[in-house]
Structures are given as C-alpha cells and as structure tokens.
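Written out below as structure tokens is the structure these notes cover.
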Amino acid sequence: MNSTVQKPDIKGFFDESTNTATFVVKDPGSASCAIVDSVLDFDYASGRTDTRSADRVADHIEAACLTVEWILETHVHADHLSAAPYLQQRLGGKIGIGERITYVQDTFGKIFNEGTEFQRDGSQFDRLFRDGDSFAIGGLDGNVLHTPGHTPACMTYVIGDAAFVGDTLFMPDFGTARCDFPGGSAADLYHSIQKILSLPDETRIFVCHDYKAPGRDEFAWESTVAEEKARNVHVGGGTSADEFVAMRQARDATLAMPRLIIPSLQVNMRAGQMPQPDDAGKTFLKVPVNGL
C-alpha cells in the first residue's frame, strides 16, 4: 500500500431513466481506469435493449485513450441492467463482484425457475471479491469491504480517498437503501454503514443512485464520510441500530417493486448476460407471477 492517500480522478455519468450513476475511476499517474456500475438501457414495453448510456462511458474512455482494468459491480442491481459484457467486449477489463453472488444466484435461480444450465457458482464473473481483498488500477490501490444489507452480496470499493458504496448509502438528504429484497437485512445494513462511516472523514462517498430529495433541484452523487455522519437523514447524528431498523422496516413496507426488477435480476445475476437463447435463437425473460 502507498503511504500517502491517493486521489483518483473520477468522472460520473448519470442515467435519469434509472437514476443510476456510473463512474470511471482513473489512476492519475497512468492511463489505467475502472468502470463502476454500468447501465444497459432497456425499454420494458418493447423488450428492446440499447447501449446509449454505456456508449457515453465508452466514448469518454476511448477519447481519453484510457485502458480499462476492471468493470466493477457493487451488487446485483434490481433497478437497471448491467452493460458489463458490452463494455468488456468493446474496452477489455475484468468483471468483478462480491463472492456472495452465489447466494443471490441460488435465491433468484429458484424464484425464476432457472434450469441446471444456469451456474450458481459465480463463474460468469472474472473475479469474486471477499471482504478485505485488494486490487490495482494502474498505480491505484483498491480495497474491498463486504457491506451487506440491501443485498447479501453488496460490496464497497475503496479506491484511494474514494468509496463506491453502491446502494448502501444515498446522498445525506435522501438516506439509505431498502432492505426488503430476499436476503436483505436492515440490521446488516446498519452495521455495514457503520463500517463505511469508520473510514476517514474526508473520504469521498460516491453513491449509485440519486432521486433528488425534496427541495433539491439537481441530481448529485458525491458526498463525504463527514457529511453522511452528520446529516444523513436515516443514520446521521448518532442514530441507534434499533431506531434505524424500525425506521427502515416501516419505510420498506410502503415501497413498490422497482420498475425493472424482473429483467434486471435475471440479467445481472448472469454478469450482464441475457439468458441462453432457445433453439430458434430467440431470447426470453421470465415473469414469476406473485413471485416477488
């Protein structure tokens, strides 16, 4: 590890249709970079995919002559499809996610009645990260924190002075992620957030989603540990675990399922790949009636 705190160059790309922020994380000392939480556009009504969001990211990388080392997923997203395979084919890099993806694959493999051809061992990904693992982006040091709660496989990637927290935390004025999906846990989320908030106060926090809290006019996706500790409306100011769990469970009971949860889970648990086509070459997604 480097003795001084590294400060990666970070470029955010926001997709308003899914409220998702994708990040390009660059080593300031080289052309190496990583992509965190990419988006494949999907029109549910027509069943058509599009790469315009991913192309914005790829165009930026190609224009800057960057080399993609990693395509990182903080978790199996339920609100957008991952563009990881498309970006990997165009730009290279290894696709990484947390090792508990196997639990998610087993859970949703049953919900979507996947056959034995669907591997539940995480082999669709190039790297399965464990808590405490490290990786490199050129000369940048990356470290991995297991931060379950929203899902059992959620990971936070700490790269230099920046932490990419996925759906664990939102901007301070919007709070925290829901925990009512299969395998979720409000108690786990509280402890995961405390792990993130134990990072240095000046650590930059990059969130995967923003929904513009009431009174805020612009989308935002960057805060700091100090700001989250002081002002996060769900966990800031010394909120106790019991208070948080009670709030989170009551709030989650009022929430509808995300619009793209059914296609997102089936694709993202496959590292962004569609299910295998049938004998005629056609690809289908399943709808588990009363299954979620």
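Every number here is computed from the coordinates shown, using simple stated rules; none is lab data. In this text, all values refer to a predicted model and were calculated from it rather than measured experimentally. Note that we place each Cβ from the backbone using ideal geometry, even for glycine, and neighbour counts take in every protein chain shown.
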- Rounded if a/c is under 1.5, else prolate if a/b is larger than b/c, else oblate: which is region 78-153, with a ≥ b ≥ c the root eigenvalues of its Cα gyration tensor? oblate
- Query: Say a site is exposed when it is one of the GluC sites (Glu not before Pro), sits in a DSSP loop, and has at most 13 other Cβ atoms within 10 Å; what is then the longest site-free stretch of the chain?
  - Reply: 17-116
- Query: Using the C-alpha gyration tensor of the chain, what are the square roots of 5 times its eigenvalues, in whole angstrom, with the largest one first?
  - Reply: 27, 25, 18
- Note down the Stokes-Einstein diffusion coefficient of region 17-156 in µm²/s, whole number, using a Kirkwood radius over alpha carbon pairs, 4 °C, and 1.567 mPa s. 81
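When a/c is below 1.5 the answer is rounded, else prolate if a/b is larger than b/c, else oblate, so apply that to region 111-260 with a ≥ b ≥ c taken from the square roots of the Cα gyration tensor eigenvalues.
oblate
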- Proxy reagent accessibility, fewest Cβ within 10 Å first, across S192, S46, S223: S46, S223, S192
- the chain, relative contact order [Cα under 8 Å, separation at least 6], %: 18
- Item | Local electrostatic count at Y211 - Lys and Arg +1, Asp and Glu -1, tallied over other residues with Cβ under 14 Å | -3
- Which is farthest toward the positive dipole end of the chain among M171, I35, S17, measuring Cα position about the Cα centre, with Cβ charges +1 (Lys, Arg) and -1 (Asp, Glu)? S17
- Residues with beta-carbon under 13 Å from that of K229, excluding K229: net charge, scoring Lys, Arg +1 and Asp, Glu -1? -2
- Report the normalised scattering of region 9-48 as log10 I(q)/I(0) at q = 0.34 Å⁻¹, calculated by the Debye formula with identical scatterers on the alpha carbons. -1.09
- Taking θ as phi - 60°, what are the ³J(HN,Hα) couplings along region 78-95 by the Karplus curve (6.51, -1.76, 1.60), each to the nearest whole Hz, with x for Gly and Pro? 10, 10, 7, 8, 7, 9, 3, x, 5, 5, 5, 5, 7, 10, x, x, 9, 8
- Per-residue Cβ contact counts at 10 Å, fewest first, order L285, L255, L66, L40 as L255, L285, L66, L40
- Ordered by residue, what ³J(HN,Hα) values in Hz, to whole numbers, does region 240-245 give under the Karplus form 6.51 cos²θ - 1.76 cosθ + 1.60, where θ = phi - 60° and Gly and Pro are x? 7, 4, 5, 4, 5, 4
- Message: Checking the a/c ratio against 1.5 first, then a/b against b/c, what shape does the Cα gyration tensor give for region 211-288?
- Response: prolate
- Note on the structure: Taking the alpha-carbon centre of each part, the distance from region 113-191 to region 1-76 in Å is 16
- Quick one: which residues, 5+ away or cross-chain, put their amide H under 5 Å from the amide H of T67? H built at 1.01 Å from N. S32, C33
- Using a Gaussian network model of the chain whose springs link C-alpha atoms within less than 10 Å, name the residue from K212, K94, K282 with the highest mean-square fluctuation. K282
- Task: For region 9-256, give the magnitude of the charge dipole about the Cα centre (Cβ charges: +1 Lys/Arg, -1 Asp/Glu; no others), in debye to the nearest 20.
- Result: 220
- Note, K11: beta-carbon cut-off 15 Å, +1 each Lys/Arg, -1 each Asp/Glu, net -4
- Indicate, rounded to the nearest 5 percent, the antiparallel portion of the DSSP beta bridges found entirely in the chain. 70
- Considering the chain as a Gaussian network with a 10 Å cut-off on Cα pairs, which listed residue, P28, P277, P182, attains the greatest mean-square fluctuation? P277
